[in-house]
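In what follows, a structure is listed as structure tokens, so that the remarks can point back to it.
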Amino acid sequence: MTHFLSSHRPGFTIALIFTITLASMFIFLNGPAEGLPDLQLSASQISLEDGSVYIDEMVVINVTLINIGSDDLYNVSVGVYDDDPLDGGKLLCPEKRVDVGHYNFTMVNFTFKAKDEHRKVRTLWIAADVENEVNELNENNNIGTVPLRVMLKETIGFVLTVVGRGILLTFSSLSILALVVYAVGYVINRFFAEKEKEGDENEDEDEGSGPELQMSPVDDNKEREEIAAASAAVTAYRRGV
Amino acid sequence: MVSDIFNTGLTELDLLTLIMFAIGLLLIVLAIVKKWEPYELLPLGMGIVLTNFPLTAMFVDVVEGFGQPGILYILYNYGILWTLLPVLIFIGLGAMVDFGPLLADPKLIILGFAAQVGIFFAFIGSILLGFTTGQAASIAIIGGADGPTTIFLTSRLAPEILGICAVAAYTYIGMIPFINPPVAKLLTSRKERLIRMKTNRIVHRYERILFPIITSFVVILLIPQAGTIIGCFMFGNLIRESGVVPRLSKAAQNELTNLVTMFLCFAVGASLNAEVIMELGPFRVLGVFALGIFSVAGGAAVGVLIAKFMNLFLKTKINPLIGAAGVSAVPAAARTAQAMAMEEDPNNHILMYAMAPNVAGVIGSAAVAGVFLGMLF
């Protein structure tokens with residue numbers, strides 16, 4: 001190994017020695033963080049036994065709390081909230097208090113009944129030490145979230161409500177769309193039809209005013225041919241050719 | 001000794017994996033030989049094959065020892081579960097769709113709605129068979145015959161059956177020429193199939209430009225949850241009809257749609273691994289396919305029946321075959337209606353008229369997806 005480093009990769013060896021020296025100096029001068037705990041909680045440490053539950057079923061949340069600090073944690077509060085606890089979120093079940101040894105972890109679980117007000121997809125917020133009772137190395141790693149879906153049971157009434165409301169909403173929205181499209185199309189076509197009519201009338205008046213505006217027989221024939229070709233193309237297009 | 005340091009996949013093969021290989025290869029064969037929706041079924045089939053190779057960890061969230069997710073999982077997670085790819089598809093679809101025939105005869109929008117009623121029948125059927133509401137809605141939306149809408153809705157409501165629903169949707173879109181004709185023939189007389197429709201009026205350019213804007217306002221205000229799909233769909237159409245961004249229009253119709261479709265179907269296929277099928281069970285998988293075809297056929301049937309019903313009140317009759325085109329498989333459903341009409345009378349061209357309910361069906365199925373999302377998500 002020594003032979004390899006010294007003979008084949010002198011640049012690499014120098015860089016390695018430099019890095020090791022620098023890292024050693026850093027640790028020596030700063031030393032490991034001492035005396036403070038650090039509770040870590042993030043989304044990856046939270047799991048639901050079932051991510052989709054029906055109303056009135058129990059929601060079970062398992063949380064793993066890790067203390068990455070060098071001091072023990074005692075009596076830390078942990079709770080489940082319906083929104084960000086720092087922004088008015090309310091507790092969904094009673095808080096729990098836990099102890100976590102230094103460089104150690106503790107598992108805690110919460111259960112609460114899913115209610116109608118929780119229906120659809122909700123984000124649950126799990127937070128530790130919200131009141132900031134414990135002095136930690138890092139106070140910004142104590143909150144994690146997990147999505148929960150609360151569904152209505154497939155009762156006959158519920159299914160019929162979905163079907164009935166679905167048909168009504170789809171029908172009404174598309175009918176209104178058809179009416180609006182019809183009305184807008186009518187107005188636009190009328191507007192341009194009148195403009196064309198005015199244009200034709202002006203043309204008739206201009207035709208009578210002087211012979212210089214009249215088309216030559218050659219131009220007239222050419223225009224007729226072009227119109228005939230365009231009509232044929234439109235007909236072919238309409239016929240899906 | 002060698003087996004300790006180098007594992008082959010051969011020892012890990014089991015019956016279910018082989019069945020999944022067969023399904024993937026079948027889709028590839030259907031795409032290449034039968035040319036059934038090849039742009040979708042080819043990547044879908046290859047995705048299924050690749051994800052089922054043992055020991056590759058391509059569809060694993062975090063690979064043990066490496067701490068990195070597999071490439072297929074990355075595509076699935078960020079493309080499908082974040083609903084990015086299905087939504088992007090709608091921009092391309094919007095750029096491809098010509099609403100001209102619909103604008104020429106707006107009452108045909110109703111047929112686009114009617115064909116969605118089959119979705120609600122399939123929804124009830126799925127509930128009765130024991131699926132959850134989310135799964136039932138995802139299975140039922142297959143009847144809209146719109147792949148991206150099915151993927152969009154299922155990824156939100158029932159991601160566990162996403163792969164199955166997508167395969168069923170694209171398979172049935174490919175089978176529209178076989179599903180619609182017997183349904184339409186059963187419900188119409190020869191006399192009705194011979195009806196010739198009146199020539200449509202010319203649609204002004206301003207109507208075409210205003211349509212996506214008006215539709216966005218009407219549909220999204222009434223069904224906010226359909227906003228994502230309708231918004232992107234109409235944005236794509238505005239790109240097309242505005243006429244001022246031809247390069248964007250071309251790119252959305254071709255490059256964007258092709259690339260997104262490839263990644264979308266590849267990722268959906270990758271989600272269909274043996275473990276997922278094991279969890280669902282063979283009866284549920286078959287149930288999804290059975291209810292899916294029921295939903296598509298039901299949609300076509302209601303479309304035809306509503307067209308017949310409209311004829312009771314209309315002076316100028318419409319050919320009820322175009323009602324079956326309300327299932328939104330664009331343009332397969334319209335072409336099928338055209339083929340049926342020409343079977344009876346070779347000079348009866350109803351393609352342009354059938355395109356109206358066909359494109360209205362895309363709006364209709366997106367609206368129904370929004371309704372389901374609003375009530376169930």
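The values are calculated or read from the model by the stated rules, or taken from the named source; none is laboratory data. Every value quoted in this text rests on a predicted model; they were computed, and no experiment measured them. Reconstructed Cβ throughout: ideal geometry from the backbone, glycine too, with neighbour counts over all protein chains shown. Remember, those area values only see protein heavy atoms, side chains included, never the ligands or the DNA or RNA. Shrake-Rupley method; radii C 1.70, N 1.55, O 1.52, S 1.80 Å.
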**Fill in**
Sorted by chain and number, the residues with a modelled amide H under 5 Å from that of A:L73, at a separation of 5 or more or across chains, are A:V100, A:G101, A:H102
**Inter-label distance, nm, simple model (7 Å from Cα along the C-beta direction), A:I156/B:L314** = 3.8
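Could you tell me the ratio Rg/Rh of the protein assembly as shown? Both radii from Cα atoms, Rh via Kirkwood.
Values: Rg = 31.3 Å, Rh = 28.4 Å.
Checking Rg against Rh, the ratio lands at 1.10.
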**Asked** Under 5 Å between amide H atoms, partner at least 5 residues away or on a different chain: which partners does A:Q40 have, H built in plane at 1.01 Å?
**Response** A:I66, A:N67, A:I68
**Request:** Partner chain Cβ atoms within 10 Å, averaged over the residues of B:123-132 - can you pull that number for me?
**Result:** 3
**Asked** On average, how many beta carbons from a partner chain sit within 10 Å of the beta carbon of a residue in A:180-190?
**Response** 6
**Request:** Would you kindly calculate the translational diffusion coefficient of chain B, applying Stokes-Einstein with the Kirkwood radius from alpha carbon pairs, for 25 °C and a viscosity of 0.890 mPa s, and quote it in µm² s⁻¹ without decimals?
**Result:** 116
**Item:** Segments B:176-187, B:271-282, B:11-22 sorted - mean Cβ within 10 Å per residue, highest first
**Value:** B:176-187, B:271-282, B:11-22
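With a 1.4 Å probe on protein heavy atoms only, work out how much accessible surface B and A bury together, total over both chains, in Å² to the nearest 100.
Values: alone 17270 and 17620 Å², together 31160 Å².
The buried area between B and A, both sides summed, comes to about 3700 Å².
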**Request:** Kindly state, to the nearest 0.05, the FRET efficiency for B:M342 paired with B:L10, given R0 = 41 Å and r defined as their beta-carbon distance.
**Result:** 0.15
**Request:** Add +1 for every Lys or Arg and -1 for every Asp or Glu among the other residues with Cβ under 13 Å from the Cβ of B:M310, and state the total.
**Result:** +2
**Prompt:** Against the longest principal axis of chain B, how steep is helix B:38-51, in degrees 0 to 90 to the nearest 10, with axes from Cα atoms?
**Reply:** 20
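With the contact rule set at Cα under 8 Å and sequence spacing of 6 or more, what percent relative contact order holds for the stretch B:80-233?
Numbers: 129 pairs, mean separation 45.2, N = 154.
About 29 percent, as a whole number.
So, with +1 on the Cβ of K and R and -1 on the Cβ of D and E, and no other charges, what is the size of the charge dipole of chain B about its Cα centre, to the nearest 20 debye?
On the way: 21 positive and 20 negative charges, 410 e Å.
For chain B, the charge dipole is close to 1960 debye.
Starting from the Cα-Cα distance between A:R165 and A:S42, subtract it from 0.36 nm times their residue separation and give me the gain in nm to one decimal.
Details: separation 123, 0.36 × 123 = 44.28 nm, distance 3.99 nm.
Taking A:R165 through A:S42 to full extension adds about 40.3 nm, to one decimal.
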**Asked** Peptides B:367-375, A:188-196: what's the order by average Cβ count within 10 Å, highest mean first?
**Response** B:367-375, A:188-196
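For the pairs B:K35/B:K198; B:K34/B:K317; B:K35/B:K250; B:K35/B:K107, flag any whose C-alpha to C-alpha distance is greater than 29 Å. Mind showing how you got there, number by number?
Numbers: B:K35/B:K198 34 Å; B:K34/B:K317 36 Å; B:K35/B:K250 24 Å; B:K35/B:K107 34 Å.
Check vs 29 Å cut-off fails for B:K35/B:K198; B:K34/B:K317; B:K35/B:K107.
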**Request:** Within a 10 angstrom radius of each residue's Cβ in A:158-167, how many Cβ atoms of other chains show up on average? Whole number is fine.
**Result:** 6
**Item:** Rounded, prolate or oblate (a/c below 1.5 giving rounded, otherwise prolate when a/b exceeds b/c) for the stretch B:88-190 by Cα gyration tensor
**Value:** oblate
**Asked** Using θ = phi - 60° and the Karplus curve 6.51 cos²θ - 1.76 cosθ + 1.60, what whole-Hz ³J(HN,Hα) does each residue of the stretch B:127-140 get, with Gly and Pro shown as x?
**Response** 4, 5, 7, x, 7, 6, 4, x, 5, 4, 5, 5, 5, 5
**Asked** Which far-off residues, 5 or more places away or on another chain, put their amide H under 5 Å from the one on A:F112, with H placed in the peptide plane?
**Response** A:V59
**Heavy atoms of A:D72: accessible area, 1.4 Å probe, square angstrom to 10** = 50
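Could you tally the net charge around B:F377, taking each other residue with its Cβ under 9 Å from the Cβ of B:F377, Lys/Arg +1 and Asp/Glu -1?
On the way: positive: A:K120, A:R149, B:R156; negative: none.
Residues close to B:F377 contribute a combined charge of +3.
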**Asked** Quick one: length gained pulling A:I55 to A:E133 fully straight, 0.36 nm per residue minus the C-alpha distance?
**Response** 24.6 nm
**Complete:** Under the 7 Å Cα-to-Cβ spin-label approximation, B:K198 and B:Q68 lie apart by a distance in nanometres of 6.6
**Item:** Cα-based helix-to-principal-axis angle, B:147-157 vs chain B, degrees rounded to 10
**Value:** 60
